[in-house]
Amino acid sequence: MIQSKILILWTVSFLMAMGCSSDPSVEDQMETPTEGQNPKPEEPSETLSYKEKAKETYDMIQELYAKGSLYKENYPEQSGEREYSYLWPYVGMLTAGNVLYELGYDQSILDKEFSGLEAYYDDRSNLPTYQAYPVSGGSTDHYYDDSAIVAMELIDAYENTGDNFYLERAKSVTEFIMSGEDSRLGGGLYWFEGESENCTSGPNCMKAANTSAYAAFVTSKMYQITNNTQYLTFAKRVYEWNYETLRDPSDNLYWNDINIGTEQINTTKWTYNAALMIMSGINLYEITDDQKFLNQSIETARSAYSKFTKVVNGRIFYQTNDPWFNVELLDAFIQLSEYDDKSNDYVAVFKDNVDYAWENARNSNGQFYEDWSGNSQGRYFWLLHQAALIEAYGRIALYEQS
């Protein structure tokens, strides 16, 4: 049984990522609002498959969060929120469309989500891409990490459907992503476009692990599809910059960012930064057959499991906040399991976590707590935290089918 496995405990301290910003799409991640008051649901009367749980979670989101062709940021509504969700949580629904399609559900779900995505597309003359909020609400900034996670879903949609629109749009967005790199501090990508030109100070004037890892993944994936060498050259350069600059050599995990003005490193570590470097390393190994990339992915996976798990109520849980970040790590472990048997054990713990969450960490509306151990409801109302469970159940269902 998973709960009987022996774990060497690490003390984990989770700090703020990225620093302060006036953009609410960033603040959603940072704030610690009042916990919800809804009671836990009744014990389910039937056992559902992971595939069915993914679809039931999707249906719950349609009932509570849908607003026209888009979604609300939270349910219930939180103070100061805008009419629609920001791009970051919306991308969780793009993933839902792709995963549900792969599971055999009707393509109309995928089509619906990607049609709604176009509300965020800023068709400007130079480097068009998706902005942080629907363009109908005015101009907002363009984030390199947001664009990268959109590009990942566009690539998946292309591979799922064969529709060339998704590939052409992914190419356009990837051009924007690549523009986020320059030679300051030796390379790497800025966090968002507004801080990418001549910034000299401030918490957001920095090069980030997440943007660089996402960029390495997207461009290596684009090389696999197009065989365009500019993508591979870029992917290897940015991957190596992240590995040499923001990797903690003591555990092969990744610090969050390095400030341009002070050259101070923000030593916070997040599950998704590890995840994207694992997945980028896998891509580069598959492309180059260079064993070092696979070895580096395996080393990071080992440390990520040790660092980001702890025992809660006698069971092993991944970190009890930011579930969408954690699901990125699940995806990485699933991809790595093709080459590393130990990663199957890491996936097994995720399976135990989502099984437990279904029974013990939902409210009467079917919304999942931020903490899958059930000890704290946290930011249960945020769309992204609910969308993460569609991906989690869906990825596990696909993993079990393979």
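Summary table
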| read-out | value |
| --- | --- |
| Output for the stretch 201-241, where each listed residue is farther than 14 Å from residue 182 by Cα and not in a helix (DSSP H, G or I) | 201, 202, 203, 204, 227, 228 |
| Close pairs from the stretch 97-119: first surrounded by fewer than 18 Cβ atoms within 10 Å (Cβ to Cβ), partner not in a helix (DSSP H, G or I), Cβ under 6 Å, at least 6 apart | none |
| The stretch 353-364: number of residues that are buried (at least 17 other Cβ atoms within 10 Å of the Cβ) and either in a loop (DSSP other than H, G, I, E, B) or not basic (Lys, Arg) (or both) | 7 |
| Cβ-Cβ under 8 Å pairs, at least 6 apart or on other chains, the stretch 347-363 side closer than 19 Å to residue 335 by Cα and among the basic types (Lys, Arg), far side part of a helix (DSSP H, G or I) and at pLDDT 95 or above | 351/396 |
| Residue match in the stretch 284-301 (condition: touching a strand residue (DSSP E or B) at 6+ places or on another chain (Cβ under 8 Å) and of a type in the set (A, V, I, L, M, F, W, C)) | no |
| All positions within the stretch 321-351 that are aromatic (Phe, Trp, Tyr) and either in contact with an Asp or Glu (Cβ under 6 Å, 6 or more places away or on another chain) or outside any loop (DSSP other than H, G, I, E, B) (or both) | 324, 325, 333, 346, 350 |
| Residue that is over 18 Å from residue 233 (Cα atoms), surrounded by fewer than 24 Cβ atoms within 10 Å (Cβ to Cβ) and basic (Lys, Arg), where the choices are 269, 292, 310 | 310 |
| So residue 395, is it modelled with pLDDT of 95 or more, part of a helix (DSSP H, G or I), surrounded by 21 or more Cβ atoms within 10 Å (Cβ to Cβ) and charged (D, E, K, R) | yes |
| Residue among 164, 198 that is among the polar types (S, T, N, Q), surrounded by fewer than 21 Cβ atoms within 10 Å (Cβ to Cβ) and within 30 Å of residue 101 (Cβ to Cβ) | 164 |
| Residue check for residue 312: farther than 29 Å from residue 94 by Cα and hydrophobic (A, V, I, L, M, F, W, C) | yes |
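The values are calculated or read from the model by the stated rules, or taken from the named source; none is laboratory data. Keep in mind it's a predicted model, so treat the numbers as computed, not measured. Here Cβ is always computed from backbone atoms with ideal geometry, including for glycine, and neighbour counts include all displayed protein chains.
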